[in-house]
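The values are calculated or read from the model by the stated rules, or taken from the named source; none is laboratory data. The model shown is predicted, which means the values in this text are computed figures rather than measured ones. Neighbour counts run over all protein chains shown; Cβ positions are idealised from the backbone, glycine included. The area values use the complete protein model at the heavy-atom level, side chains included, leaving out ligands, DNA and RNA. Shrake-Rupley method; radii C 1.70, N 1.55, O 1.52, S 1.80 Å.
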Amino acid sequence: MSPRLMGEGTMPHNSGLSRRDLLKWTGASGLAVLATACGAGGTTSGSGAGGAKALSVLVEAGGKAELTKIAEAFTAKTGAKVTFIELPYDGLFNRLSGELSSGTLSFDVAALDAIWLTAFAGAVRPLTELFTADVKADLFPALVTEAQVGGTFVGMPVWTNAEILFYRKDLFEDADEQAAFKKKYGHELVPPTTWEQFNDAAAFFTRGGKLYGTDVKGAVETEWLAHILQAGSPGVVLDASGQVIIDNEQHLKALTFYSDLNNKLKVSPPGAAQLDWAGAQNLFNQGKTAMMRFWAHAFPLIPKDSPVYGKVGAAPMIGGAAGVAGIPGPWYLSVPKATKQADLATEFVKFAYDNNAMAIESSLGLAARKSAFEQYADKPGYEHFKPLLETLNATATKPRPATAKWQQIVDTVLIPTLQQSLNPNADYTGLLAAAKDKVQSLAQ
């Protein structure tokens, strides 16, 4: 499954210049190079294929579906033909890096993963004029924050995602299960809203290797980051000023909660250190886990031949001391400085915001505006939208740090730290102290 569908910024490094190398490059002098190469006067003949009434939009493979109806409506209104350039995730990043650094473009609008905004901020046009008070009020607070680099809006969110709680309704609503649970734990069996309730439900439904209460994903970092925010941390890994906070009290509480699900409670299937999104999704769809924290888009994608089809409920992400919190997974539309179609491209970005609800009628089925989700939240098949709205609107929900080194930090620090923590003898405090040193060396 594509990282885009997850809202997750993990990229394979299988050919050409890797994303990790490019982010390392842009993290130092790269931003200045990009800004110089793509500033005023950097336009080339490669932009706007088809003339003044045509636009080329660069998207990740599969991203075209979310913009197709919007593009068709834009053409009907303006007469401008919209052509999509689709590339796989790694190819998209490489194309962006190569063309933005050279100033020779094949596109006029680009869909950017949220974690790329900082790296490419110097090469794209400010969109601050689009972010009126009404626009900002209809976007989730974390997305408004993330759209800005150095106080300038550089991308307009086009769709977003977040992890919510999936649970087996056939188990949670079974009268015998409810009675047995209450007898054992002294409170009702309901979709958990706190860490304590989650632990109790996970332990209750773990049954001799046939069924596990939940999963623990050691191969991805976003879930642990969400728990850090739930614990009340002012941010994840870095604070707003760029200081490394990965060893603070909240990071430790979240790591302890997350890793102890595997190490002490033993409510997750074997192999947690290597479990990724696809593996966790398969376990749940096969009926092997009772609960799953997962990206909301997966709710309507449960296969009809799955033993849990039609038996799954959705609830907001669980909450810690700070309540519900999640890590958003948005994509943004940006306009390169070097395009010859700047006005038309900006008009397209605004049109995409104005007609954002059209993105819901697509394969991904997500949008960025609160009002777009709200239009569908009471319709059958969209039961995951209310939990998603609550999670994205939660006060403690925050974006990932605005640093061009983020993917390096994920690959070389966060995931290795998580995987090492999934050992019964792990020293959580020591792991975070070592992680702090590594992040500081990268952030310098």
Checklist outcome for this item: Quick calc, residue 137 & residue 174: beta-carbon distance into FRET formula, R0 56 Å, rounding 0.05, result 0.85
Checklist outcome for this item: Computed over the chain, protein heavy atoms only, probe 1.4 angstrom, the accessible area per residue in square angstrom equals 37 Å²
Next on the checklist: Can you give me the % of accessible surface on the chain that is carbon or sulfur? Probe 1.4 Å, all protein chains present, nothing else counted.
Outcome noted: 52 percent
Checklist entry - Got a sec? Charge dipole of segment 51-151, +1 on Cβ for Lys and Arg, -1 for Asp and Glu; which of 55, 118, 142 is way out at the positive end? => result 55
Checklist entry - segment 283-312: which trypsin sites (Lys or Arg not before Pro) are DSSP loop and have at most 12 other beta-carbon atoms within 10 angstrom? => result 304
Checklist outcome for this item: Sorted by accessible surface (1.4 Å probe, heavy atoms of the protein chains only), largest first, 295, 195 come out as 195, 295
Checklist outcome for this item: Using the Cα gyration tensor of segment 150-288, the equivalent ellipsoid's semi-axes, largest first and to the nearest Å, work out to 31, 17, 16
Item to check | Karplus-derived HN-Hα couplings along segment 112-125 (A = 6.51, B = -1.76, C = 1.60, θ = phi - 60°), whole Hz, x at Gly and Pro | outcome: 10, 4, 3, 6, 8, 4, 5, 5, 9, 4, x, 10, 10, 6
Item to check | 22 Å Cα-Cα reach of residue 350 towards lysines, excluding residues that sit fewer than 8 places from it in its own chain | outcome: 53, 64, 69, 77, 81, 136, 337, 340, 370
Checklist entry - Restricting the count to DSSP beta bridges whose residues both fall in the chain, what percent are antiparallel, rounded to a multiple of 5? => result 70 percent
Checklist outcome for this item: A chain fully extended from residue 128 to residue 441 at 0.36 nm per residue, minus the present Cα-Cα distance, gains in nm 109.4 nm
Checklist entry - If 143, 442 are ordered by their accessible area, calculated over protein heavy atoms with a 1.4 Å probe, which sequence runs from highest to lowest? => result 442, 143
Checklist entry - Of 264/436; 288/398; 169/264, which pairs sit farther than 28 Å apart, going by alpha carbon to alpha carbon? => result 288/398
Next on the checklist: Rounded to the nearest 10 Å², what accessible area does residue 207 have for a 1.4 Å probe in the complete protein model?
Outcome noted: 90 Å²
Next on the checklist: Helix-only mean residue ellipticity at 222 nm, the chain, DSSP H runs n ≥ 4 weighted -39,500 (n - 2.57), per residue, nearest 500. What is it?
Outcome noted: -11000 deg cm²/dmol
